[in-house]
Every structure is written in structure tokens, then in C-alpha cells.
Amino acid sequence: MRTVKFLLQKEFRQIFRNRAILALIIVMPVMQLIILPLAADYEVKNINLSVVDHDHSPYAQQLVAKITASGYFRLQGYHASFKEAYRLIEQDKADLVLEIPRGFERDLIRNGHQQLFIAVNAINGTKAGLGSAYLSSILRDYNDGIRMEWIAPTRFRPAATIEVIPANRFNPLLSYQFFMVPGILAILLTMVGGFLSALNIVKEKEIGTIEQINVTPIKKHHFILGKLIPFWVLGNVVFTVGLLVSWVIYGIFPKGSIPAMYGFISIYLLAVLGFGLLISTYTDTQQQAMFIMFFFMMIFILMGGLFTSIDSMPPWAKAVSRLNPVSYLVEVMRMIVLKGSGWADVFPHLGAMLGFAVVLNGWAILNYRKKS
């Protein structure tokens, strides 16, 4: 253990000697955790709507007023023809065009039905889908309101109806920040741990100090432990700072077991740092290590369940996500922070992460070659 102690002293001195990097390790995750949850919002607002009203009736005016009062749509104006409104879609100044036909109110009263035409700018598929869904929901509410006005009061017992009362568990207000912050914290922790450990051994190769270490009787596993433990400590510090920022800025505090969370984070950091050290043993320059880590980091983020649900992925992508350590951390973070889970709930994920840690660190030790 004396060998590991001396290696740790060397690593910590190198880390604290470069105060710019140390400040970046702490400041960068804090700033990203403050900014990203405010920008990464799935809720679509300020949908630009153009209206082509050929009827100019009170019913048409009530319909447009109901749409704009919802808070989701921003009226771009009324247009005389559909061609004129469609030109705004081509110029990306409008997202939807609602065309109200001539005789809208007359036919609705006489015949009991009428058709509206909606044109959607589908370049942004998410905005188009949600925008048309919002508008369709408003139109259904408007239609139900008109039907209720037309139904005359009766002495008889009204027809049976089913009323649905939703209850939102774990996130009652449906806040996207409560959903996104735990996942973003998981990604930031992965990026800090992965990149720092990937550049560690390579830096020794570039400046030539690796040759001095190789001629010493230091065992390979001692050397890997000396590189692993300092960044494991820094990773826990970054995670703690991230939890404090989440609590102070967004009011998000874990409802579940904090010891279970830190226990999982401890094993997770061993896996991520081991992966970074493994990449470092295969590369000769920091540029190579950064490009390889960036390649895997993009896969980890996009297939980790942060922005896209793993359940909605195709079968092959689900299988790949099981080999993605980030997917386990994102799920565990949301389980503990939002659902109030404990040791029993995260134990299966903990076993998988322990397997990642053993395999990756063992691989890094075996692949490190001491060459004088």
C-alpha cells in the first residue's frame, strides 16, 4: 500500500498544481447544470399560427380566440388566401396554417358538422407533431362546448358518461426540469470522469514521464489504482456539487436513499474511469484519446435514455443500450431522485455496474504494458 500512497501523492500534486484544470472541473459542470435544463425542454410553446378565415363569423372568431388563449400558439395574422399563408411556412415564419372554410358557422348549425384544414410545417417533426396535437385537442374542446350549448335541458336522467381524473405520480406538475436535471447530472459526471481518465496515462506518454515509471518496480495494478483513485475522489466531489446546484437552483432533492445513490455512483465512477484508462492504454497521444472518447461519449449520451426513451427504441438499440453504463445511471438517478427508490430497487443495476467496473479495470490492467 505504500506504493499506492506515493502514487496518489504524485497524482494529487499534479492535479492541484494545474489550478486552471481544477477550476474547470468544478465550474464547467456547474454552469452546464444551470443552463442545460432551462434549454432542454420538451414542451413546445410559441407555435406560430397563420389563419385563413373565409367565413368571418362569430363562431370562427370564437375558435381563433380559444386557440390563441391556450398559451401555446402565437397568431401571425389573418390572411386572405391559403397561398399567402402557405408562403409563410415556406419562409419558416409560420408552423401551422388553419383554414376556416366559407359557410363554417352556417353549415355547422344546419348540418351539424364541418371540416377544417390544417397545414403543418413538418421540418421539425417534434414541433409539428405536438403543435398539431395541441390544435386538435383545442378543436375537440371547442366542438364539445358547442354541442353542450345545443343540447336542450331535459327532465330525464342524463346519459352516463365516463370522466377521467389523471393523477401524476412522482412528478405531479409534469416539470421537465425534474425529469432532465438528474439525467444531465449523470451525463456531466460521465464526461468529466471519462475524459480526464482517458487523457491521464497518455499525458505521461507525451511528456516522457511514463518511461521513468516503467523502469521502477511498480506493479501494473498499483499504477492503475494510482491513476484511478484521484479522479474517483474528484468525481464524487463533482457529483456532490451537482446535487447542491440541483437543490439550490431547481429545488430538486433526492426522495430516495442518498447512501444508495452514493453507493451506485462510487461503483459507476470505477466503471467509467476504468473505461477511460482502457482507452488511454491503447492511444499514444491526447488527441487520439479525445477523439475515441468523444466517439463513445456520443453513443453513451444518445442511447442512454436521457432524450429518447429506451423502450421506444428498436430491439437492436435496446440490446446495445444494455451495454451502455450511462443508461443504468440515468435510470437509477431518476429512480432515487423522483421515485424515492432505495437499495432493493437499485440492486440489479448495481450488479450490472459492478460487472462493468471489474471487466473494464481488469482489461486496462492487462493491456498496460511496462516498456523501458
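At-a-glance table
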{"read-out": "Which numbered condition Lys93 misses (of (1) under 30 Å from Ile252 (Cβ atoms); (2) open to solvent by 60 Å² or more (accessible area, probe 1.4 Å))", "value": "(1)"}
{"read-out": "Failed item in (1) at pLDDT below 80; (2) under 26 Å from the mean Cα position of the chain (by Cα); (3) open to solvent by 80 Å² or more (accessible area, probe 1.4 Å), with Gly125 passing the rest", "value": "(3)"}
{"read-out": "Top-ranked residue of the range 1-59 - restricted to ones that are of a type in the set (Phe, Trp, Tyr) and within 34 Å of the chain's Cα centre (by Cα), ranked as most open to solvent (accessible area, probe 1.4 Å)", "value": "Phe16"}
{"read-out": "Test: Leu306 is farther than 22 Å from Arg369 by Cβ and touching a residue at least 40 places away in the same chain (Cβ under 8 Å)", "value": "yes"}
{"read-out": "Options Ile34, Ile21, Ile25, Ile89; residue that is assigned to a helix (DSSP H, G or I) and within 30 Å of Arg106 (Cα to Cα)", "value": "Ile89"}
{"read-out": "Hits in the range 215-266 - residues which are over 27 Å from the mean Cα position of the chain (by Cα) and either among the charged types (D, E, K, R) or farther than 20 Å from Arg13 by Cβ (or both)", "value": "Val215, Pro217, Lys219, Lys220, His221, Lys227"}
{"read-out": "Pair list, Cβ under 6 Å, 6 or more apart: the range 343-372 residue of a type outside the set (Phe, Trp, Tyr), other residue open to solvent by 70 Å² or more (accessible area, probe 1.4 Å)", "value": "Ile365/His221; Ser372/Val215"}
{"read-out": "Cβ pairs under 9 Å, 6+ apart, first in the range 113-141 and within 16 Å of Arg74 (Cα to Cα), second surrounded by fewer than 12 Cβ atoms within 10 Å (Cβ to Cβ) and β-branched (Val, Ile, Thr)", "value": "none"}
{"read-out": "For Ala186: the one exception among (1) part of a helix (DSSP H, G or I); (2) exposed (fewer than 15 other Cβ atoms within 10 Å of the Cβ)", "value": "(2)"}
{"read-out": "Single condition Asn236 does not satisfy, out of (1) within 30 Å of Leu174 (Cα to Cα); (2) without any contact (Cβ under 8 Å) to a residue 24 or more places away in the chain; (3) in a helix (DSSP H, G or I); (4) of a type in the set (S, T, N, Q)", "value": "(2)"}
{"read-out": "Extreme residue, surrounded by the most Cβ atoms within 10 Å (Cβ to Cβ), among residues of the range 329-372 that are among the polar types (S, T, N, Q) and assigned to a helix (DSSP H, G or I)", "value": "Asn361"}
{"read-out": "Residues (aliphatic (A, V, I, L, M) and touching a residue at least 12 places away in the same chain (Cβ under 8 Å)) located in the range 214-233", "value": "Val215, Ile218, Ile224, Leu225, Leu228, Ile229"}
{"read-out": "Matching entry among Ile292, Ile249, Ile267 (being out of contact with any Leu (no Cβ under 7 Å at 6 or more places or on another chain), closer than 21 Å to Asn236 by Cβ, part of a helix (DSSP H, G or I) and of a type outside the set (Gly, Ala, Ser))", "value": "Ile249"}
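The values are calculated or read from the model by the stated rules, or taken from the named source; none is laboratory data. Values in this document were obtained by computation on a predicted structure and should not be read as measured data. Glycine gets a Cβ as well: all are built from the backbone with ideal geometry, and neighbour counts include every protein chain shown. SASA here: full protein model, heavy atoms, side chains in, ligands and nucleic acids out. Shrake-Rupley method; radii C 1.70, N 1.55, O 1.52, S 1.80 Å.
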